[in-house]
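Taking it in order: structure first as structure tokens, then the write-up.
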């Protein structure tokens, strides 16, 4: 690649200049351009403003950056006419360096050009260069370390990143070593062990951030908790042995934080600390983009490409795959040349890669069960870390032993974990023995790996002495990792208490003692269904047990993501999926088998479930589960059955609280046999216990129904207290499940409240409905009704939401306000507020006003300033939607003056959005957009995607009013995607309404009708009848030709499902005015309207006025038929004469039929068959 350098901001006698030079031709003097005073600041301000505006206009930003660099002299133009790949080194201070130079644009993005590579490099002038390095004639060496500390979320799919790198480099194999510790100490030790500059690239995958004024990467400490690591810490880890490239695959490692743009990025800080080149991301990116970039990068580097060329190729690959993150990949460097790290694959004399996947060796050694490939392995991170800590320890270290014992039920992945550990220790030779073990098998395995030890092993000395001889001889420089897989074949299943067969035990004992006595670096891994002791009477255990647990949480989600039928898009029925996952109980092998069954079975539910259950039973028989349980004492059965009510691991104190009866010695024995999974609690380091889900069916007959319920209740009560301050969503759901099963209403309601609150933030509205319905089966509760109503309101089912808010309010009214807890009063106010919003939107302003007054009085009485502010914002928002701008402005002004109220980011975003709507209605578009941009930042800060969608909808409308259709459509497109993602039907309908109106203005009536029908379909799906009436009124107002048919549809709908009073008045008036008194249906509509108004007489301030209007309409109907009634009595006579005083049922039925007759079948906006009969009056 041709390299050029642009230096900005340095001073000359003539002032500040920008210089441009060809780095490959060092003899040419640089070209210079004088910069006017403040030119750089002006560019930064302009680009910052463009980046802050929505939608994001990458092309415009790129054009501005290109013009600024190219200048009047046209520095860049000649370079683009050639065919050379280009590297532009930008040497500038922070404000200029942080601009998005990757967006450079001239007739297309230069960094995404299909035939020419180009990449910017942010070069630090003050850092000394290193001599150019020679490309190594061997495969690329990469050290990969993922950091996943607790409780940082989201949990990254780093296993997939590793697997994809390996897959992408199969034709250009690389030596990918993985440091599993995730700790700074582990990284230091790995670098120290291999020597200076062994690795070409160090790849760190994880989360990054800022602590104080310094950027950091979040490593793990020895317990897996968060350990912020700064540039100086990493510099001390590398000392002077920096690799040629460090890739910080974490969010914002190559950029600044939104609130502290004056701080350096972590990439910049690392280059200043001594790294020659550091690659990172300017903003948050997803797993998919990070993995795709790593694939392309290492494929190029492994084939002998230069560093800058490989980075450019990775960025272009992201662009080609339509990843929005393509311009976020940023390279920082000092002045060291960015040459190739290794030679191309076919270079003469190039060293070969001799690393072999451990899975192949286990399979060849006759492993009977499936062994997971390196690319398919997921999870088990803490187990891997604990095992490696033992296997890499030395005598004298805390927790040192000669090996590890991986034990647990069949199918949990013991052999796969052993293979993973083998791959993680490439410096050890593998000696593999599978199944039945004796001296001969060990000797054969040793000979296969170390032919030179044959003579030593064939002597007459005891086995331990011969192994010692081998360890002190050939194995001293090339230590071994002895793997004894499927060791349970050396036990008698009918008499497990007897322990391993003596011959096999002697071999294990000899190897372990020889390793200990020689202080050898050789180690042992034993996998077994059943745990057993292997220890020296004098110096303690040789093996550290590592109990295998069923997959849960993030590990289970990663595993399911690999299974196309059970966890992928092919599985549509979520209830069926959940049932199948429950059957598998987190057992990886059983999950894989059920996935295969699903792939070759019809979707008929009952046979499918039966086949799944049969497959699970077959699996239990295969692992001898029934026979194993039968061998245990009755007291052990009872302990297991009681502990099995809990589906998450619990500590010893919880076991004792849940189990009535004997715990010892049964718990330890069940752990050894795999009937109880024994893991390690990360928070405390203490053991934790769980009965595997595949064992639970065997125990169902042990307890009576009453005993099972009592154990479930004990578990719910104990865990609520024990986990109250150490909660997670998984634990909250488990406590809730137990409480629900045990009928513990108070605990269940508390759990429902916590879970629903969390799910609401994640837009999981359908799940909220499910959990609330389940909770209410235990009895009425305001909190459950509240969250159910909130979920229904968001998805657009406003009639259901109103009913549920009413039920929540009824629960609250049973509590005396004088003695009620302030939180109860606050929630009552919130319920009244939401009811008022819905009533106001339905047109019932009178009812809404009364409800808001009551809510405000409650907030005033309880001193709830935040509640008062929320009520004011909601009132203003509704008034704006109703077009009552003056009242909204007054309310918002009062809210702004209430400076004592501290609003949350969500509330501030709502306030700014409302103010922006007011400003837009006053014609102050620019000011409105600025406020909306502030609102967007606040909603993003609160991770509130729904709020972002609402704000984008407002901004899009503003741009459409300005005539910028492209920008408006881009924003509406994003807003609609968000609305669909969070299942917000009302927001979807609002956006579709704007898009339809824009289509109508553009003359596209066909698209207008399609969009409105789409909106109507969505409202029908959630029974949002008031919103559908509003939609019909709006559409009727936009097309005079279709308005008669549309108003007929609206009237028909109102008669079928009922109309809120004010909205009903508007609909019926609109129909009568459009149809005219001569219409055959006008008298019937007027009579029905009078009946409806008289029914509510005295209950609504507009009832009398409405009655007079419809009586006048009825009079006009009589007049056009040559009847001029002068009194109500005469009018009634005319109504009777024309049979308009039919029974209500007949009148409604005839009117509905008449309305249907005037709407052509293909003109209906919605599917009539989906509309229920809910308001037909009694006969």
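The values are calculated or read from the model by the stated rules, or taken from the named source; none is laboratory data. Just so it is clear, the model here is predicted, and its values are computed rather than measured. Positions of Cβ are generated from backbone atoms using ideal geometry, with glycine treated the same way; all protein chains shown enter the neighbour counts.
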(request) Examine the range 184-198 for a residue that is in a loop (DSSP other than H, G, I, E, B), at pLDDT 85 or above and either more than 25 Å from residue 428 (Cα to Cα) or touching a helix residue (DSSP H, G or I) at 6+ places or on another chain (Cβ under 9 Å) (or both), and state whether such a residue exists. (result) yes
(message) From the list 481, 461, exactly one residue is closer than 17 Å to residue 442 by Cα, touching a strand residue (DSSP E or B) at 6+ places or on another chain (Cβ under 8 Å) and not in a helix (DSSP H, G or I). Which is it?
(response) 481
(request) Please work out which residue is modelled with the lowest pLDDT, limiting yourself to the range 917-969 and to residues that are farther than 29 Å from residue 761 by Cβ and assigned to a loop (DSSP other than H, G, I, E, B). (result) 922
(message) Name the single residue that is nearest to the chain's Cα centre (by Cα) among those in the range 724-743 being surrounded by fewer than 18 Cβ atoms within 10 Å (Cβ to Cβ) and over 19 Å from residue 691 (Cα atoms).
(response) 729
(request) Residue by residue through the range 426-440, note down the ones that are surrounded by fewer than 18 Cβ atoms within 10 Å (Cβ to Cβ), farther than 18 Å from residue 360 by Cβ and either under 50 Å from the mean Cα position of the chain (by Cα) or in contact (Cβ under 8 Å) with a residue 12 or more places away in the chain (or both). (result) 427, 436, 438, 439
(request) Please enumerate the residues belonging to the range 398-427 that are part of a loop (DSSP other than H, G, I, E, B) and more than 24 Å from residue 514 (Cβ to Cβ). (result) 408, 409, 410, 411, 412, 413
(message) So, in the range 299-337, how many residues would count as being assigned to a loop (DSSP other than H, G, I, E, B) and over 28 Å from the mean Cα position of the chain (by Cα)?
(response) 7
(request) Mind telling me which of the residues 726, 688, 737 ends up being in a helix (DSSP H, G or I) and either within 21 Å of residue 661 (Cα to Cα) or outside the structural domain of residue 619 (by TED's automatic domain parsing) (or both)? (result) 737
(request) Quickly run through the range 709-723 and pick out the residues that are within 30 Å of residue 618 (Cα to Cα) and either surrounded by fewer than 18 Cβ atoms within 10 Å (Cβ to Cβ) or modelled with pLDDT under 90 (or both). (result) 709
(message) Conditions first: (1) touching a helix residue (DSSP H, G or I) at 6+ places or on another chain (Cβ under 9 Å); (2) farther than 17 Å from residue 547 by Cα; (3) not in a loop (DSSP other than H, G, I, E, B). Residue 656 passes all but one, so which condition is the exception?
(response) (1)
(message) It is to be established whether one or more residues within the range 1046-1058 are assigned by TED's automatic domain parsing to the domain that holds residue 1112 and over 19 Å from residue 1150 (Cα atoms).
(response) no
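Please determine whether any residue of the range 975-990 is more than 25 Å from the chain's Cα centre (by Cα), under 21 Å from residue 912 (Cα atoms), in a helix (DSSP H, G or I) and not assigned by TED's automatic domain parsing to the domain that holds residue 764.
Within the range 975-990 (the criterion being more than 25 Å from the chain's Cα centre (by Cα), under 21 Å from residue 912 (Cα atoms), in a helix (DSSP H, G or I) and not assigned by TED's automatic domain parsing to the domain that holds residue 764), the answer is yes, since at least one residue qualifies.
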(request) Considering only residues that are out of contact with any helix residue (DSSP H, G or I) (no Cβ under 8 Å at 6 or more places or on another chain) and farther than 16 Å from residue 514 by Cα, look in the range 478-490 and name the one that is surrounded by the fewest Cβ atoms within 10 Å (Cβ to Cβ). (result) 489
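Taking residue 810 as the residue in question, decide whether it is touching a helix residue (DSSP H, G or I) at 6+ places or on another chain (Cβ under 8 Å) and without any contact (Cβ under 8 Å) to a residue 60 or more places away in the chain.
When the stated conditions are applied, residue 810 does not pass them.
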(request) Would you check if there is a residue in the range 624-644 being under 33 Å from the mean Cα position of the chain (by Cα), at pLDDT 80 or above, assigned by TED's automatic domain parsing to the domain that holds residue 722 and crowded, with 18+ Cβ neighbours inside 10 Å? (result) yes
